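Structure, as structure tokens:
The values are calculated or read from the model by the stated rules, or taken from the named source; none is laboratory data. It should be emphasised that the depicted structure is a prediction, and the values quoted were computed from it without experimental measurement. Note that each Cβ is placed from the backbone with ideal geometry, even for glycine, and that neighbours are counted across all protein chains shown. These accessible areas exclude ligands, DNA and RNA; they are computed on the full protein's heavy atoms, side chains included. Shrake-Rupley method; radii C 1.70, N 1.55, O 1.52, S 1.80 Å.
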Amino acid sequence: MKKSYAVYYQINMEFQSISQIKEAGFYGFATVEELFCFGYSNIPDAGGVYMILRKSSLKPTFVPVGTGGYYKEKDPNVSIDILKTNWIDKTCVMYIGKATSLRKRISQYIRFGHGKNVGHFGGRLIWQLADCKDLIVCWKPSHEDPRAEEYSLIQEFIGYYGERPFANLQD
């Protein structure tokens, strides 16, 4: 059954450039590696949405075994064919997520990507990109319902590209 939210937030962006995402009110723009090495204190402990972005417009290199951790003994890796099928050209957005605490959720996501047994199985395809440590993390704190905002962003993305972002495996 499809989720439905009473509120629909339309941002009106094409998800093609980091500058466009900055204009939509997102902050941070730190690499996965920077956050992992230097900490998460700059990320607000507030609800909101976040995105994982890729700077390179070149086709990615996929690896058969990524850096993602095993959560509840589930293998986070998928086949190269599935990665290729999910890939979307002409966007920098790889994943859109929600959080009741951006600091906690982004920290979980990145620790999972560094092989830790952390409960962030969503978005796991990111960790099978050869350049995953260079991906950019940005966030947008909000006083609105993070689920509704995430849903709206994903729906807007689908409206533009015809499918979800690369690592969003569900709406």
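Dipole magnitude for the chain: computed about the Cα centre from +1 point charges on Lys and Arg Cβ and -1 point charges on Asp and Glu Cβ, it is near 340 debye. Shape analysis of region 1-122 yields a ratio of the Cα radius of gyration to the Kirkwood radius, Rg/Rh, of 0.96.
The helix-only estimate of mean residue ellipticity at 222 nm for the chain, built from DSSP H runs of length n ≥ 4 each weighted as -39500 (n - 2.57), is -8000 deg cm²/dmol after division by the residue total. For region 105-113, the Karplus equation 6.51 cos²θ - 1.76 cosθ + 1.60, evaluated at θ = phi - 60°, returns couplings of 5, 5, 4, 4, 4, 6, 5, 4, x Hz by residue, with Gly and Pro reported as x.
Candidate cross-link partners of Lys104 among the lysines, defined by an alpha-carbon separation under 26 Å and a same-chain spacing of 8 or more, comprise Lys3, Lys22, Lys55, Lys72, Lys74, Lys116, Lys133, Lys140. Under 5 Å between amide hydrogens, built in the peptide plane, is the criterion, and for Lys98 it picks out Tyr50 among residues at least 5 positions away or on other chains. Sequence-distant contacts, meaning Cα pairs under 8 Å at least 6 residues apart, place the relative contact order of the chain at 37 percent. Cα centroids of region 106-171 and region 42-57: 8 Å apart. Per residue, the accessible area of region 79-171 comes to 42 Å² when a 1.4 Å probe rolls over the protein heavy atoms. Taking the Cβ of Lys133 as the centre, find all other residues whose Cβ is under 14 Å away and add up their charges (Lys, Arg: +1; Asp, Glu: -1). Value of the local net charge: -1. Using the average count of surrounding beta-carbon atoms within 10 Å as a protection proxy, the listed peptides 15-27, 106-118 rank, highest first, as 106-118, 15-27. Rolling a 1.4 Å probe over the protein heavy atoms of the chain, with every protein chain left in place, gives an accessible area that is 49 percent carbon and sulfur. In terms of the mean number of neighbouring beta-carbon atoms within 10 Å, the peptides 84-92, 141-149, 42-50 order highest first as 42-50, 141-149, 84-92. The Stokes-Einstein estimate for region 57-171, based on a Kirkwood radius over Cα pairs and taken at 37 °C with 0.692 mPa s viscosity, is a diffusion coefficient of 224 µm²/s.
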